[in-house]
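The values are calculated or read from the model by the stated rules, or taken from the named source; none is laboratory data. Please read all numbers here as calculations on a predicted model, not as lab measurements. Positions of Cβ are backbone-derived with ideal geometry, glycine not excepted, and every protein chain shown enters the neighbour counts.
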Amino acid sequence: MDRSLVDTLQVRGISFETSDSGEWARFRCPHGGTRYVVRSRLADGYLTWCDGDDPATPDWFPTADAAVEGAARL
């Protein structure tokens, strides 16, 4: 079952801020800066990136679980 972005972050115990719609969230990046995860309707998945010292190109993931897991590794 594909959990929502908000549910995924809550289950993982990550402290985050989100939009009222739950379409995007931001939280502290493990490498510094802020990690963003955004629901992409055009790409049918989630985009994630960090605004740390070395900003990254957004990465695409098919589910919220994969996006949050991937964001934690990046």
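For region 13-29, name all the residues that are part of a loop (DSSP other than H, G, I, E, B), touching a residue at least 12 places away in the same chain (Cβ under 8 Å) and more than 18 Å from Thr57 (Cβ to Cβ).
Ile14, Ser15, Gly22, Glu23
Please verify whether Arg28 is at pLDDT below 95, among the basic types (Lys, Arg) and crowded, with 16+ Cβ neighbours inside 10 Å, treating the condition exactly as stated.
For Arg28, the condition - at pLDDT below 95, among the basic types (Lys, Arg) and crowded, with 16+ Cβ neighbours inside 10 Å - is not met.
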